[in-house]
Every structure is written in structure tokens, then in C-alpha cells.
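Here is the structure we will look at, set down as C-alpha cells.
Since every read-out is calculated from the coordinates, none of them should be taken as a lab result. Computed from a prediction, not measured in an experiment: that's the story for all the values here. Neighbour counts are summed over all protein chains in view; Cβ atoms, including those assigned to glycine, are modelled from backbone coordinates with ideal geometry.
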Amino acid sequence: MSMYFTKEHEWVKVDGNQATVGISEHAAHELGDITFVELPQMGKVVKQFETLAGIESVKAASDIYSPVSGKVVQVNDKLEDAPELVNESAQDAGWICKLETADLAELGALMDVAAYAEYLKGLE
Amino acid sequence: MEEMKATPLRAHHEGLKALMAPFGGWLMPIQYAGIIAEHKWCREQAALFDICHMGEFLFQGDIVADGLEDVFTFSVQGIPVGRSRYGFLLNASGGVIDDLIVFRLAEDRVMIVVNAATIANDFAVIRSRLKEGANLTNVSDGTAKLDLQGPLSREVLVGLFGAEIGTIPFFKFITTKILGVDAIVSRTGYTGELGYEIFLPADKVCELWELLLKDPRVAPAGLGSRDLLRLEVGYSLYGSDLDEATTPLAAGLSSFVNLGKEFVGKEALLKEQQAGPARVKVAFRVNSRRAPRHHYEIFQDGAPVGSVTSGAFSPMLGCGIGLGYLKPEAAALGTKLLIKHERVEMEAEVVELPFYAGGSLRS
């Protein structure tokens with residue numbers, strides 16, 4: 001299963017019609033210690049690149065944008081009490097939510113792992 | 001753009017891979033291992049802060065005859081030798097030009113410790129209030145300051161520099177030799193923990209920094225954790241919670257103002273005391289892990305009542321905490337507030353300071 005990234009540093013991994021969403025290790029590192037994750041409402045319907053959730057660190061509060069369109073079917077409620085999971089494992093155990101999604105063509109607007117690595121180099 | 005200043009320890013911070021950022025015109029370490037880890041280290045062990053950016057002035061002379069007695073909101077003459085006192089330098093409207101600490105080094109000798117961003121202006125203002133020819137010197141560039149803060153700070157310093165340091169009570173200091181040079185070790189700080197501020201010549205500070213960090217109980221901490229630590233115990237940050245448009249009365253700091261003596265700004269404070277301040281500083285606790293942040297707006301029953309001046313997620317309380325200025329009618333303990341910024345909203349309640357009272361400060 002491949003991972004795709006947005007320019008705002010969210011990631012998505014699609015398995016059938018289910019998309020798991022999180023923020024990249026780079027974003028977690030830049031934010032510093034994460035202190036709060038605003039999980040989306042179950043059943044919330046979002047379009048690609050719309051605000052999906054929120055995240056706060058000791059330094060800043062940021063929005064999380066949805067890498068794909070879909071409906072929220074699961075949230076990582078471990079993050080309610082342990083938002084530091086995002087720092088520890090941004091691209092795995094620190095996932096934010098799962099979306100039921102239909103339009104795989106939207107992945108074409110995202111970067112694959114190699115393209116995202118290139119993109120990060122350009123930001124340095 | 002004005003050139004950014006750096007402390008003598010800049011290369012040391014960079015060697016430790018610190019995240020560096022501007023603060024009050026200085027390039028300062030914000031974090032090393034991480035803000036929350038450094039905060040925890042300070043509450044449990046001994047955290048070392050580079051505070052060389054702060055300013056120091058020396059006064060030599062007759063405190064009363066040279067006019068120093070009337071410069072601050074407290075009596076300088078009344079500070080016993082070997083003690084220090086916190087208070088304010090005010091403008092004629094009673095606004096805070098700076099909050100500072102005065103150290104009584106001798107009968108005729110005083111050290112004034114001020115914030116970094118305000119050094120030049122403070123010096124000019126204090127000078128202008130002294131008798132012409134009075135001996136006031138800005139020794140900031142040649143004076144370094146390291147803060148060692150945390151419950152283990154006393155045993156670390158006693159182990160390195162001898163038992164006398166272990167006898168210093170809160171808000172007292174000693175002059176002693178450290179690394180062969182004259183230094184001041186003061187039992188003061190900005191964290192709510194047992195701790196010391198060490199003043200010594202700038203050319204010795206790297207050596208002291210290295211020596212302290214050899215101790216496994218000591219870890220470096222940046223200004224990020226320092227801000228969290230001070231907010232948890234309710235200390236004000238100049239430039240955020242205090243400024244020239246804010247009086248000590250509005251800030252709830254009248255215990256550091258002696259209205260029985262003369263000082264610039266006294267008339268304005270007396271008037272404000274009579275009329276009651278138009279806004280007052282309050283502390284509030286958020287009902288979630290969300291952090292209120294500077295400039296977020298505060299509402300009560302749908303009406304705007306003020307704004308946030310400092311805020312953070314408190315690791316000790318596990319929730320958001322903050323300070324802000326509100327209309328007095330919204331300032332009563334227990335008042336329910338709504339804090340808003342763009343699409344972020346959080347419920348909060350006015351509480352008493354300090355947020356966190358479990359520190360080792362007076363142990």
C-alpha cells in the first residue's frame with residue numbers, strides 16, 4: 001500500500017475504499033511536542049483539501065486538511081489522551097482518522113514518497 | 001533590520017543542536033531535547049538556562065541623595081544588603097516600562113537586573129531620574145547570567161562550589177568566587193522551583209556552562225520550557241502580560257508597589273486605585289488540552305470581555321492555561337469564559353494563581 005502526501009504535509013494510505021490519514025514525520029517534527037489533536041466528528045463529510053481536523057503543539061495551532069474526499073468512519077481516539085503518539089509515530093500509530101472514500105483519481109493530485117522527499121528538500 | 005545579538009554561548013547551543021530563534025533582539029535557544037522534556041527536567045532535576053541576554057546595571061553612590069530611592073515602585077534603601085527585591089519602573093501614566101529585580105550589594109552599591117529587550121530604554125529612563133553625575137553603568141555586555149533551576153539545583157551547586165550556597169534563603173544572594181572570579185549566586189528564578197541565578201564575568205560563562213553540564217543531574221533548557229514553567233506558576237512575561245499601557249494594579253501586582261513612597265507613576269496609580277482599573281489580569285483554566293494563545297479573544301455570555309496575553313498547554317495540569325486582561329465584571333473566580341480564534345473555540349474558567357503550586361521553590 002503506497003503512501004501519498006499533500007503540500008501541507010498530510011499523508012494518506014488507501015486500502016480498498018478506506019483511506020487512513022495522518023500528518024508526516026516532517027510536520028510532526030516541525031510542530032514540536034504535540035499537546036492536542038482535534039479529532040474530526042464521526043460521519044463528517046469532507047472534500048479533498050478541506051479542513052478535516054486540528055492539531056496543537058507547544059508552539060502553534062494548525063489545521064489538518066483532508067488529502068482526499070470522503071466520510072469519517074473511524075478516529076484514532078488514543079490521541080485524545082496521548083497526542084504525543086503523533087511525535088513518536090506520525091506515519092503509523094499516530095494516524096488521525098479513516099475515511100470512506102471513492103475517488104481514487106484524487107491521489108493524482110498528491111505526491112508519492114519520492115516526490116514528497118524531493119518537495120521537502122526544496123523547503124530547506 | 002537591526003543586527004541580532006547572540007550570547008557568548010551561541011556556539012555551545014548550536015553544538016547541542018538547539019533550535020535557535022529571535023527573542024527580544026537576541027538569537028536564543030528555544031529548545032534542545034524538546035520543550036516538554038526540558039520542562040519535566042526542571043520540575044524533577046536541575047535545568048540550566050542561558051540568560052545572558054538579560055541586562056545588568058550597577059549603581060554606586062548614595063541611594064537617597066543620588067535619587068535612586070524614588071526611581072522604582074519599592075524602596076531601594078529598605079532592601080537589606082544581601083537581599084533582592086522585585087518591582088517596577090513605571091512611566092508617568094503608571095504603565096510598566098519594565099519589571100526588574102534590584103540586588104543590594106552593599107550600603108552604597110546596587111545591581112539592577114532588567115529584561116533584554118528593554119535594556120537601552122531602561123538605562124536611559126533610570127539615568128534621567130537620577131541626580132546629574134550619579135554613577136550608573138550598564139554592565140550588561142560584560143556580565144553573564146546562568147540560571148540553574150530545579151529541585152536538585154542546590155545539591156549540584158553545593159557539590160561544585162561549597163556549602164555556603166546551600167544556606168541562601170529565597171530572594172537572598174551571596175557574592176562568592178566561582179572558577180576563581182567574583183560571582184553573585186542568587187536564590188531567585190522564573191520557574192517556581194528551587195533555583196539559582198548566577199552572575200559572573202562574560203568571559204567565564206562558557207567554562208561554567210561546560211562544568212555544570214558535566215553533572216548528569218543537569219540538562220540544558222531553552223526559552224520554550226522557561227515560558228511554560230513561568231506560566232504554570234503565574235509569573236508575568238514583560239512584553240506579553242506587562243507593557244507600558246498596563247499598570248501593576250491592573251496586573252494584580254500591587255504587592256510590589258509601595259504607595260507610601262515617592263516614584264514616577266504614583267499619582268496615576270492613586271487615581272486608578274480610586275476609580276478601579278478598567279481591565280484586570282485574570283488566570284484561566286481551559287476544560288481541554290487546547291492552549292489559549294496570545295491575542296485570542298475572550299467572551300463571556302457572548303460578549304467580548306478581553307483577550308489572552310499568555311497561554312499554553314500545561315504539562316503539570318494536563319490542560320490549557322492562560323493569562324489575559326478582562327473587564328473587571330468578568331474577572332471573578334469561577335466565571336465561565338469562551339476563548340475564540342478563527343474556528344478554534346475553548347471553554348475556560350477563571351481560577352486562582354498559581355496554576356501549579358507543587359514546585360520546590362521554597363524547599
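Remarks
- Global form of the stretch B:221-346, assessed from the alpha-carbon gyration tensor, a/c cut-off 1.5: oblate
- Applying the criteria of a DSSP loop state and at most 13 other Cβ atoms within 10 Å to the trypsin sites (Lys or Arg not before Pro) of the stretch B:178-244 yields B:Lys214.
- Whole-number percent relative contact order across the stretch A:1-71, with pairs defined as alpha carbons under 8 Å at least 6 apart: 28 percent
- Karplus-derived HN-Hα couplings along the stretch A:6-21 (A = 6.51, B = -1.76, C = 1.60, θ = phi - 60°), whole Hz, x at Gly and Pro: 9, 5, 8, 6, 8, 10, 9, 10, 10, 10, x, 9, 10, 10, 9, 10
- When the Cα convex hull of the protein assembly as shown is projected onto planes of every orientation, the mean area is 25.2 nm².
- When only Cα pairs below 8 angstrom with a gap of at least 6 residues are kept, the stretch B:125-200 shows a relative contact order of 33 percent.
- Relative compactness, chain B, computed as alpha-carbon Rg over 2.2 N^0.38 Å: 0.99
- In angstrom, the C-alpha Rg and Dmax of the stretch B:55-138 are 11.5, 32.
- Distance between the 7 Å Cα→Cβ label points at B:Glu14 and B:Glu352: 4.9 nm.
- For chain A: rounded, prolate or oblate by the Cα gyration tensor [a/c cutoff 1.5]: oblate
- Rounded to 0.05, the FRET efficiency of the B:Leu270 and A:Asp77 pair, given R0 = 51 Å and the Cβ-Cβ distance, is 0.35.
- Out-of-range pairs (alpha-carbon distance over 20 Å; input A:Lys44/A:Lys98; A:Lys47/B:Lys340; A:Lys59/B:Lys340; B:Lys281/B:Lys327): A:Lys47/B:Lys340
- The simple Förster model, with R0 at 56 Å and r as the Cβ-Cβ distance, assigns B:Thr137 and B:Leu333 a FRET efficiency of 0.80.
- Separation of the stretch A:81-105 and the stretch B:176-197, taken as the distance between their Cα centroids, equals 47 angstrom.
- Straight-distance crosslink candidates among aspartates and glutamates, where the alpha carbon sits under 19 Å from B:Lys336 and sequence neighbours closer than 8 are dropped: B:Glu297, B:Asp301, B:Glu345, B:Glu347, B:Glu349, B:Glu352
- Cα point-scatterer Debye curve for the stretch B:279-351, base-10 log of I(q)/I(0) at q = 0.22 Å⁻¹: -0.84
- In this Cβ point-charge picture (+1 for Lys and Arg, -1 for Asp and Glu), the stretch B:55-138 has a dipole of about 120 debye about its Cα centre.
- Sequence-distant aspartates and glutamates (8 or more away, or on other chains) whose Cα lies within less than 15 Å of B:Lys261: B:Glu69, B:Asp70
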